[in-house]
Amino acid sequence: MAKRQVARASDEARLGDITRPEDFALDGTPLISYLWMLSDLPDGDAVGFAICRGLLAPFGAELALVYAVRPDGHTLDLIASYGMGKKEDAVYSRVTAEMHLPGVETFRLGTEKWLTKDQVSDDYPLAAPFFRAWKSNGDFAFLPLRHRGAPMGFMVLAFAEPVERSWHLRATIDAVLSATVLWLLAASALKGTARSNLAETAPLELTARQREVLVLMREGRSNRDIADQLGYSVATIKADITALGQMLGASGRADILERARLAGH
């Protein structure tokens, strides 16, 4: 009987269903530690690092991207990444709810997608390749991020090899998604505090170049692109962005842009 149950679970896994026996008790201590670690992270890029070098490392995860929905419910921004160095390396630093992309459909429908590299290319031509210069022979997972039924965004995971899905991976992904949602909620609460603080302060005064840098940042330009267009060095542009972050009390590009918008820029 036990052998038949194992065989059936194995067959279901090959068909793409993730199974988990109900009689397994999971140790919650690692998850609790992971939740606390993520809630303390100041920078979204560190979230992806924690995911790939944390719970998902045994499964061969090489890349993690986190997209969060804006208050308009229509636009999603890339706010965390690991595996490619910088957020600018992703093809899409911002997407909208109408785009034919697996992550967007995951967000819109609230259901996860597991795709091979070929499936991403054939079924979602806009996502071929989804990542610039990213070469992988493994599977891609597109996972919805939700809180109490409300969509918060989606996560993209890239694996080095085809993944043999099991209840172990399912439990791990549940932990990762829970931790990421907690981090997003904490980040949202901090932005709410910053929003109140900005409303009480004097108008933010920026130099002409800082205003130009903000405009190009909103277009998703890299530091190199901004430097080339404005005729300054990359170091100068980095200094401008650092100064903007300090003036706004922001951490990361997405946070700078959001707080600048709230401050009227």
Relative frequency of Cα-Cα separations exceeding 19 Å in the stretch 203-262, percent: 18 percent
Cut-off 18 Å (backbone N to label point 7 Å along Cα→Cβ of SER39), residues of the stretch 151-182: 175-182
FRET efficiency estimate (nearest 0.05) - Cβ-Cβ, SER233 to THR75, R0 41 angstrom: 0.85
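Quick note: the coordinates plus some simple rules give every number you see, no bench work behind them. What you see is a predicted model, and the numbers here were worked out from it, not measured in a lab. Every residue, glycine as well, gets a Cβ built from its backbone with ideal geometry; the counts of neighbours run over all protein chains shown.
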